Amino acid sequence: MDRKILICDPVDNVLIDKLKDKFDIDYKPEILKDELLNIINKYNVVVVRSRTKINKEIIDRGKNLKIIARAGIGVDNIDTDYAEEKKIKIVYAPGSSTESVVEITIAMMVMGARNLVKGVENTKDNKFKKLMGFELSGKTLGILGFGRIGKSIAEAARIFNMNFIAYDPMPVEYPDYVKKVSLEELLKNSDLISINVTMRKDSPYILNDRELSMLKNNVIIVNTSRARAINGSDMLKYLKNGKISAFVSDVFWDEPAKEDYELEMLKLDNVLITPHLGAQTYEAQKRIAIMTADNIINEW
Ligand code: MLT
């Protein structure tokens, strides 16, 4: 049998339904590295989300691999250069979770501005204490990474009557209500920053100490893309001294955290982290599953 698929992470059933007549499928949504290394040579296609890493070692053992399918957007958990060298095709599902990521980003902006998490924690202890926050209206939102998701965030946030500035290293189009700026201008002028970048496996940090020192005081940083956009140990200093008033993020450097700076950060009151929920909606998972199955069929 040379049509064998291994699915390594939880996916919507529609992916299996669409492929089951054409392929022999093994669904192992909790598989760990050692087992994967032992069995990968049996498969022609491997499907992963962000949990499973497809590195050189796995690719070398996957002697029969023809396709690596990422059921999602980011391919930073795959050694794409090495896979291409080995003539293995990579497919992914761009655009499939935009709505879900935009919605959670807007929620996180409001969470950071209005003390919602602390307020909920207090009422659970039956403390009905009024906490102050600030309006988004009239503030400047800096969007770092103005691709599909960055653009849609600007569009959705228009309801708040904010000023928009954006930076992207790639030549992208900006609507008339968004001012194109340099990274430095974005850092110096934003009251809130939304990070919406794509990263590859070895992409360097975009924000190190030098860039973080340029931030406007009391800025809120929201990250719904990749943690590695920021040097976390550099950022810790600015979270502790209050230059960054809140860091609201759906992504973390290690998920779960393991480094000292990560564990220290999690304890801070101005750090609000959710467990990578951006694409975790029934609607997005269905779209991702359909697109991933179609991609596999087309590339086969
Ligand atoms: C993605 O890149 O699609 C997201 O990080 C979502 C995910 O894989 O869970």
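All of the numbers you see were taken from the coordinates with simple rules; none came from a lab. Model, not experiment: these values are computed from the prediction. As a convention, Cβ positions derive from the backbone with ideal geometry for all residues, glycine included, and neighbour counts pool all protein chains shown.
The figures follow:
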| item | result |
| --- | --- |
| Inter-probe distance in nm under a simple model that places probes 7 Å from Cα toward Cβ, at E283 and E30 | 3.1 nm |
| Gap separating the Cα centres of the stretch 113-156 and the stretch 198-224, nearest whole Å | 19 Å |
| Cα-centred dipole magnitude for the chain, charges only on beta-carbon of K, R (+1) and D, E (-1), debye, nearest 20 | 240 debye |
| Using a Förster distance of 22 Å, the FRET efficiency for N218-K127 (Cβ separation, nearest 0.05) | 0.30 |
| Proxy reagent accessibility, fewest Cβ within 10 Å first, across K33, K89 | K33, K89 |
| Within the stretch 61-153, chymotrypsin sites (Phe, Trp or Tyr not before Pro) in DSSP loop having at most 11 other beta-carbon neighbours inside 10 Å | F128 |
| Note, ³J(HN,Hα) from phi for the stretch 280-292, Karplus 6.51, -1.76, 1.60, rounded to Hz, x at Gly and Pro | 7, 10, 4, 5, 5, 5, 5, 4, 4, 5, 5, 5, 5 |
| Proximal charge balance of T274 [Cβ under 13 Å; K/R count +1, D/E count -1] | -3 |
| Theoretical ellipticity at 222 nm over the chain - DSSP helices of four or more residues, -39500 (n - 2.57) apiece, nearest 500 | -10000 deg cm²/dmol |
| Alpha-carbon Debye profile of the chain, log10 I(q)/I(0) at 0.07, 0.10, 0.15 Å⁻¹ | -0.30, -0.60, -1.16 |
| Neighbour cut-off at most 16 other Cβ (10 Å), DSSP loop, GluC sites (Glu not before Pro), the stretch 247-286 | E259 |
| Built amide H within the under 5 Å cut-off of K179, gap 5+ | F164, I165, A166 |
| Around A257: net Lys/Arg minus Asp/Glu count, Cβ-Cβ under 12 Å | -4 |
| Order of M291, M214, M170, M265 - criterion: other Cβ atoms within 10 Å of each residue's Cβ, fewest first | M170, M214, M291, M265 |
| Whole-Å semi-axes of the stretch 98-273's equivalent ellipsoid (Cα gyration tensor) | 24, 20, 15 |
| Over 29 Å (Cα to Cα) - which of K87/K201; K201/K258; K53/K87; K129/K179; K56/K240 fall in this group | K129/K179; K56/K240 |
| Residues V45, V120, V14, V178 arranged by fewest to most Cβ contacts within 10 Å | V120, V14, V178, V45 |
| Residue-wise HN-Hα coupling along the stretch 131-146, computed from phi with Karplus coefficients 6.51, -1.76, 1.60 (Hz; x: Gly, Pro) | 10, 8, x, 9, 7, 6, 3, x, 8, 9, 9, x, 9, 9, x, 10 |
